[in-house]
Amino acid sequence: MSLRFTPTALPGVLIIEPEIFADDRGLLMETYKKSEFDAAGVNAAFVQENHSRSVHGTLRGLHLQRAPKAQAKLVRVITGVVFEVVADVRRESPTFRQWVGITLSGENRRLLFVPAGYAHGFCVTSAEAEVVYKMTEEYAPELEWGVRWDDPLLAIRWPVSDPRLSTRDSRWPYLSDAT
(Lines give C-alpha, C1' and ligand atoms only; values in the text may rest on other atoms or scores of the structure.)
Protein backbone atom coordinates (compact mmCIF):
# COMPACT_ATOMS: atom_id res chain seq x y z
CA MET A 1 0.00 0.00 0.00
CA SER A 2 1.24 3.48 -0.79
CA LEU A 3 -1.25 5.28 1.48
CA ARG A 4 -1.60 4.86 5.26
CA PHE A 5 -5.02 5.69 6.76
CA THR A 6 -5.18 6.70 10.44
CA PRO A 7 -8.52 7.25 12.19
CA THR A 8 -9.09 10.31 14.37
CA ALA A 9 -11.38 10.82 17.37
CA LEU A 10 -14.26 11.64 14.99
CA PRO A 11 -15.80 8.67 13.16
CA GLY A 12 -14.84 8.58 9.49
CA VAL A 13 -12.36 11.47 9.69
CA LEU A 14 -9.03 10.08 8.52
CA ILE A 15 -5.46 11.31 8.30
CA ILE A 16 -3.86 9.90 5.16
CA GLU A 17 -0.11 9.67 4.76
CA PRO A 18 1.30 8.88 1.32
CA GLU A 19 4.47 6.92 0.70
CA ILE A 20 6.99 9.33 -0.80
CA PHE A 21 9.49 8.24 -3.42
CA ALA A 22 12.31 10.77 -3.46
CA ASP A 23 15.64 10.98 -5.23
CA ASP A 24 17.96 13.67 -6.55
CA ARG A 25 15.35 14.67 -9.16
CA GLY A 26 12.61 15.38 -6.65
CA LEU A 27 9.72 13.24 -5.44
CA LEU A 28 6.64 11.31 -6.45
CA MET A 29 3.68 10.31 -4.30
CA GLU A 30 0.18 9.04 -4.86
CA THR A 31 -2.40 11.31 -3.26
CA TYR A 32 -5.46 9.34 -4.33
CA LYS A 33 -5.92 5.73 -5.41
CA LYS A 34 -9.48 4.44 -5.57
CA SER A 35 -8.61 0.84 -4.66
CA GLU A 36 -6.77 1.93 -1.50
CA PHE A 37 -9.53 4.33 -0.46
CA ASP A 38 -12.09 1.55 -1.03
CA ALA A 39 -9.98 -0.86 1.05
CA ALA A 40 -9.92 1.74 3.86
CA GLY A 41 -13.73 2.00 3.74
CA VAL A 42 -13.77 5.35 1.95
CA ASN A 43 -16.05 4.94 -1.06
CA ALA A 44 -15.98 8.50 -2.32
CA ALA A 45 -16.39 9.65 -5.90
CA PHE A 46 -14.85 13.10 -6.23
CA VAL A 47 -16.53 15.47 -8.70
CA GLN A 48 -14.95 18.88 -7.99
CA GLU A 49 -11.53 20.15 -6.95
CA ASN A 50 -10.73 23.60 -5.52
CA HIS A 51 -7.40 25.33 -4.93
CA SER A 52 -6.99 28.24 -2.52
CA ARG A 53 -4.06 30.44 -1.58
CA SER A 54 -4.19 32.34 1.69
CA VAL A 55 -1.86 34.51 3.75
CA HIS A 56 -0.80 34.12 7.38
CA GLY A 57 -3.62 34.38 9.90
CA THR A 58 -6.38 33.69 7.36
CA LEU A 59 -9.09 31.46 8.76
CA ARG A 60 -11.49 29.84 6.29
CA GLY A 61 -14.49 28.14 7.84
CA LEU A 62 -16.23 26.52 9.47
CA HIS A 63 -18.16 25.36 6.38
CA LEU A 64 -20.27 22.50 5.17
CA GLN A 65 -22.85 21.84 2.51
CA ARG A 66 -26.21 20.37 3.51
CA ALA A 67 -28.13 17.44 2.02
CA PRO A 68 -29.04 16.56 -0.61
CA LYS A 69 -25.62 17.79 -1.83
CA ALA A 70 -23.59 17.20 1.35
CA GLN A 71 -19.90 17.01 0.49
CA ALA A 72 -17.14 14.75 1.69
CA LYS A 73 -13.73 16.40 1.21
CA LEU A 74 -10.16 15.26 0.67
CA VAL A 75 -7.85 18.09 1.75
CA ARG A 76 -4.11 18.57 1.25
CA VAL A 77 -1.65 21.43 1.46
CA ILE A 78 0.66 22.06 -1.49
CA THR A 79 2.82 24.77 0.13
CA GLY A 80 2.87 26.28 3.59
CA VAL A 81 1.30 25.13 6.85
CA VAL A 82 -2.31 25.13 8.02
CA PHE A 83 -4.13 24.04 11.15
CA GLU A 84 -7.09 22.01 9.85
CA VAL A 85 -10.21 21.60 11.97
CA VAL A 86 -13.12 19.21 11.57
CA ALA A 87 -16.08 19.77 13.91
CA ASP A 88 -19.11 17.56 14.44
CA VAL A 89 -22.13 19.88 14.22
CA ARG A 90 -24.68 17.08 13.75
CA ARG A 91 -27.04 17.41 16.72
CA GLU A 92 -28.04 13.72 16.61
CA SER A 93 -24.42 12.52 16.68
CA PRO A 94 -22.78 11.01 19.78
CA THR A 95 -19.74 13.19 19.00
CA PHE A 96 -21.76 16.42 18.60
CA ARG A 97 -19.65 19.51 19.45
CA GLN A 98 -16.38 17.54 19.35
CA TRP A 99 -13.58 18.57 17.01
CA VAL A 100 -10.17 17.45 15.84
CA GLY A 101 -7.29 19.65 14.73
CA ILE A 102 -4.46 18.44 12.49
CA THR A 103 -1.47 20.24 11.03
CA LEU A 104 -1.20 19.78 7.28
CA SER A 105 1.76 21.14 5.37
CA GLY A 106 3.62 21.00 2.10
CA GLU A 107 6.38 19.34 4.08
CA ASN A 108 4.48 16.60 5.96
CA ARG A 109 2.33 15.92 2.85
CA ARG A 110 -0.55 14.53 4.90
CA LEU A 111 -4.08 14.50 3.55
CA LEU A 112 -7.30 14.72 5.53
CA PHE A 113 -10.55 12.97 4.62
CA VAL A 114 -13.64 14.76 5.95
CA PRO A 115 -16.92 12.82 5.60
CA ALA A 116 -20.12 14.62 4.59
CA GLY A 117 -21.93 16.29 7.48
CA TYR A 118 -18.91 17.61 9.36
CA ALA A 119 -17.96 21.30 9.38
CA HIS A 120 -14.46 22.02 8.12
CA GLY A 121 -12.08 24.96 8.32
CA PHE A 122 -8.43 25.87 8.44
CA CYS A 123 -6.10 28.60 9.65
CA VAL A 124 -2.85 29.49 7.88
CA THR A 125 0.12 29.46 10.26
CA SER A 126 2.90 30.01 7.67
CA ALA A 127 3.51 33.17 5.61
CA GLU A 128 1.09 31.77 3.03
CA ALA A 129 -0.38 28.41 2.12
CA GLU A 130 -1.97 26.74 -0.88
CA VAL A 131 -4.67 24.19 -0.16
CA VAL A 132 -6.26 21.77 -2.63
CA TYR A 133 -9.44 19.89 -1.81
CA LYS A 134 -11.58 17.45 -3.72
CA MET A 135 -15.32 17.17 -3.04
CA THR A 136 -17.91 14.48 -3.65
CA GLU A 137 -20.61 16.97 -4.67
CA GLU A 138 -20.45 20.13 -6.73
CA TYR A 139 -20.77 23.42 -4.92
CA ALA A 140 -24.40 24.41 -4.37
CA PRO A 141 -24.53 27.90 -2.79
CA GLU A 142 -28.14 27.47 -1.67
CA LEU A 143 -27.08 24.51 0.51
CA GLU A 144 -23.97 26.10 2.03
CA TRP A 145 -23.96 26.46 5.80
CA GLY A 146 -21.47 27.28 8.50
CA VAL A 147 -20.75 27.84 12.15
CA ARG A 148 -18.72 30.66 13.69
CA TRP A 149 -15.05 29.88 14.04
CA ASP A 150 -15.06 31.05 17.68
CA ASP A 151 -18.23 29.24 18.79
CA PRO A 152 -17.99 28.72 22.58
CA LEU A 153 -19.87 25.41 22.36
CA LEU A 154 -17.05 24.04 20.18
CA ALA A 155 -14.21 25.82 22.05
CA ILE A 156 -11.71 25.22 19.24
CA ARG A 157 -8.15 26.11 20.20
CA TRP A 158 -7.14 28.00 17.06
CA PRO A 159 -3.51 29.14 16.73
CA VAL A 160 -4.65 32.78 16.22
CA SER A 161 -6.91 35.00 18.30
CA ASP A 162 -7.70 37.64 15.68
CA PRO A 163 -7.85 35.88 12.30
CA ARG A 164 -8.41 37.33 8.84
CA LEU A 165 -11.99 36.35 7.96
CA SER A 166 -14.23 36.78 4.97
CA THR A 167 -17.43 38.73 5.59
CA ARG A 168 -19.39 35.50 5.09
CA ASP A 169 -17.31 33.56 7.64
CA SER A 170 -17.65 36.35 10.21
CA ARG A 171 -21.46 36.13 9.93
CA TRP A 172 -22.06 32.39 10.43
CA PRO A 173 -24.32 31.66 13.43
CA TYR A 174 -23.28 30.14 16.73
CA LEU A 175 -24.42 26.54 17.23
CA SER A 176 -26.80 27.70 19.95
CA ASP A 177 -28.50 30.01 17.40
CA ALA A 178 -28.44 27.64 14.43
CA THR A 179 -31.43 25.71 13.20
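Scan the range 57-96 for residues that are in contact with a Phe, Trp or Tyr (Cβ under 6 Å, 6 or more places away or on another chain), surrounded by 21 or more Cβ atoms within 10 Å (Cβ to Cβ) and more than 20 Å from Ile15 (Cβ to Cβ) and jot them down.
Selection gives Leu59 alone.
Which residue pairs have Cβ atoms closer than 6 Å, lie 6 or more positions apart in sequence or on different chains, and pair a first residue in the range 125-140 that is without any contact (Cβ under 8 Å) to a residue 12 or more places away in the chain and crowded, with 16+ Cβ neighbours inside 10 Å with a second residue that is part of a strand (DSSP E or B) and not aromatic (Phe, Trp, Tyr)?
Between residues of the range 125-140 that are without any contact (Cβ under 8 Å) to a residue 12 or more places away in the chain and crowded, with 16+ Cβ neighbours inside 10 Å and residues that are part of a strand (DSSP E or B) and not aromatic (Phe, Trp, Tyr), there is no close pair.
Across the range 1-56, what is the total count of residues that are surrounded by 12 or more Cβ atoms within 10 Å (Cβ to Cβ), among the charged types (D, E, K, R) and closer than 18 Å to Glu137 by Cα?
1
Which one is modelled with the lowest pLDDT, of the residues in the range 20-54 that are of a type in the set (Val, Ile, Thr) and within 20 Å of Ala116 (Cα to Cα)? Let's see the steps before the verdict.
We begin by selecting, within the range 20-54, every residue of a type in the set (Val, Ile, Thr); these are 20, 31, 42, 47.
Narrowing the set further to residues that are within 20 Å of Ala116 (Cα to Cα) leaves 31, 42, 47.
Details: Thr31: 92, Val42: 95, Val47: 97.
My answer is Thr31.
Can you tell me which of (1) out of contact with any Leu (no Cβ under 6 Å at 6 or more places or on another chain); (2) in a strand (DSSP E or B); (3) within 14 Å of Lys73 (Cα to Cα) is the one Arg53 doesn't meet?
Checking Arg53 against (1) out of contact with any Leu (no Cβ under 6 Å at 6 or more places or on another chain); (2) in a strand (DSSP E or B); (3) within 14 Å of Lys73 (Cα to Cα), the one that fails is (3).
Is there any pair linking a residue in the range 53-66 that is under 12 Å from Phe83 (Cβ atoms) to one that is at pLDDT 95 or above and basic (Lys, Arg), with Cβ under 6 Å and at least six apart or on different chains, and which?
Listed by first residue and then by second, the contacts come to Gly57/Arg164; Thr58/Arg164.
The values are calculated or read from the model by the stated rules, or taken from the named source; none is laboratory data. For clarity, every value in this text was computed on a predicted model and none was experimentally measured. Positions of Cβ are generated from backbone atoms using ideal geometry, with glycine treated the same way; all protein chains shown enter the neighbour counts.
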